[in-house]
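Student: Below are the structure tokens for one structure; questions will follow.
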Amino acid sequence: MYKQLAKAFGAGCVGALAGCIASLFEVPRKLDISNAVSGALAGFFAASLLVLSVSAAGADGGETTIKRIKKVHGVAAPMARYSQAVEIRGAKRLLYISGQTGHAVDGNLIGDSIEEQADLCFSNIKATLLEVGLTIDDLVKITVYLRSRDYLATYRTARDRAFGKVEPASTLVIAKLVHPDMAIEIDAVAAM
């Protein structure tokens with residue numbers, strides 16, 4: 001497994017170096033440090049993802065443990081109910097759930113109510129987990145995109161109703177969404 005990790009990291013470093021070199025010799029030929037830095041960061045990010053992928057693929061078959069870290073020493077406490085970090089050990093399976101929205105099975109948006117759309121997002125996430133034999137307890141990370149800060153309290157109520165005591169690591173972003181009537185979109189990661 002360590003050889004795989006070394007190869008993955010090496011590939012990422014080569015990607016970083018290639019990104020730096022390519023950005024320095026783009027047309028027009030002028031030194032642009034921001035492109036070089038972007039290339040390097042992209043390469044190192046790719047290396048990190050490769051290392052994580054190889055680590056998960058190389059799990060030794062032992063029991064999977066999910067440790068939810070609510071408060072990290074020396075870091076500000078969470079502003080809401082979520083874990084600051086989630087550590088996964090021995091994972092054999094990772095599931096990435098694409099952004100779920102307030103679209104019903106027929107493809108139509110169920111309305112512009114944040115409560116209805118949030119409930120449907122969480123219902124879709126639960127259905128996706130169930131489809132592959134996982135549960136809400138296996139969630140380790142969610143990213144939530146809200147159209148307006150005004151939706152925050154309603155979203156949190158819907159989240160608490162859907163998750164109960166489960167508190168995955170969480171990121172919340174206020175952003176314009178693809179469709180102007182969409183109030184929310186949520187993607188998720190689960191591990192087992």
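The values are calculated or read from the model by the stated rules, or taken from the named source; none is laboratory data. All values derive from a computational prediction rather than experimental measurement. Positions of Cβ are generated from backbone atoms using ideal geometry, with glycine treated the same way; all protein chains shown enter the neighbour counts. Accessible surface is based on the protein model in full, side chains and every heavy atom, while ligands, DNA and RNA are left aside. Shrake-Rupley method; radii C 1.70, N 1.55, O 1.52, S 1.80 Å.
Student: Given a Förster distance of 25 angstrom, what is the FRET efficiency for Ala85 paired with Lys165, based on the Cβ-Cβ distance and rounded to 0.05? It would help to have the intermediate numbers written out before the result.
Tutor: On the way: r = 18 Å, r/R0 = 0.70.
My answer for the efficiency is 0.90.
Student: Counting heavy atoms of the protein chains only and a 1.4 Å probe, report the per residue accessible area for the stretch 83-192 as a whole number of Å². Spell out each step's value before the answer.
Tutor: Working: 5690 Å² over 110 residues.
Accessible area per residue, the stretch 83-192: 52 Å².
Student: Accessible area, 1.4 Å probe, largest first: how do His73, His179, His103 sort? Walk me through the numbers on the way to the answer.
Tutor: Numbers: His73 180, His179 75, His103 55 Å².
Result, largest first: His73, His179, His103.
Student: So what is the relative contact order of the stretch 90-192, in percent, for Cα pairs below 8 Å that sit 6 or more residues apart? The partial results should precede the final answer.
Tutor: Working: 182 pairs, mean separation 46.9, N = 103.
Taking the mean separation of contacting Cα pairs over the length of the stretch 90-192, I get 46 percent.
Student: Also, I was wondering about something else. Apply the Karplus parameterisation 6.51 cos²θ - 1.76 cosθ + 1.60, with θ equal to phi minus 60°, to every residue of the stretch 164-179 and state each ³J(HN,Hα) to the nearest whole Hz, in sequence, with x for glycine and proline.
Tutor: x, 8, 6, 10, x, 4, 8, 10, 10, 10, 8, 7, 6, 9, 4, 10
Student: Which whole-Hz couplings ³J(HN,Hα) result when phi for each residue of the stretch 145-151 is put into the Karplus expression 6.51 cos²θ - 1.76 cosθ + 1.60, θ = phi - 60°, listed in order with x for Gly and Pro?
Tutor: Going residue by residue, I get 10, 10, 6, 9, 4, 4, 8 Hz, with x marking Gly and Pro.
Student: Something else about it: Where does the stretch 139-192 land on Rg/Rh, using Cα atoms and the Kirkwood Rh? Don't jump to the answer; show the numbers that get you there.
Tutor: Working: Rg = 11.6 Å, Rh = 11.8 Å.
In the stretch 139-192, Rg relative to Rh is 0.98.
Student: Also: Exceeding 28 Å between C-alpha atoms, which entries from my cross-link table qualify? They are Lys70/Lys92; Lys92/Lys176; Lys92/Lys126. Intermediate results must be reported in sequence, preceding the final value.
Tutor: Details: Lys70/Lys92 24 Å; Lys92/Lys176 36 Å; Lys92/Lys126 20 Å.
Where the Cα-Cα span goes over 28 Å, the pairs concerned are Lys92/Lys176.
Student: If you rank Met182, Met79, Met192 by how much accessible surface each has, with a 1.4 Å probe, what is the order from largest down?
Tutor: On the way: Met182 10, Met79 165, Met192 85 Å².
Output order, biggest surface exposure first: Met79, Met192, Met182.
Student: What are the ³J(HN,Hα) values, in whole Hz, obtained from phi via the Karplus relation 6.51 cos²θ - 1.76 cosθ + 1.60 with θ = phi - 60°, for each residue of the stretch 101-106 in sequence order, with x given for Gly and Pro?
Tutor: Calculated HN-Hα couplings, in order: 10, x, 8, 6, 4, 6 Hz.
Student: Sticking with this structure for a sec: Go through the stretch 137-192 and name the trypsin sites (Lys or Arg not before Pro) that are in a DSSP coil and have 16 or fewer other Cβ atoms within 10 Å of their Cβ.
Tutor: Working: sites: Lys141, Arg147, Arg149, Arg156, Arg159, Arg161, Lys165, Lys176; in loops: Arg147, Lys165, Lys176.
The qualifying sites are Lys165, Lys176.
Student: What are the residues whose amide H is under 5 Å from the amide H of Gln84, where those residues sit 5 or more places off or on another chain and H is modelled from the backbone?
Tutor: Here Ile69, Lys70, Lys71 satisfy the definition.
Student: Hull surface divided by four, with the convex hull built on the Cα atoms of the stretch 120-161: how many nm²?
Tutor: Values: hull surface 13.0 nm².
That works out to 3.2 nm².
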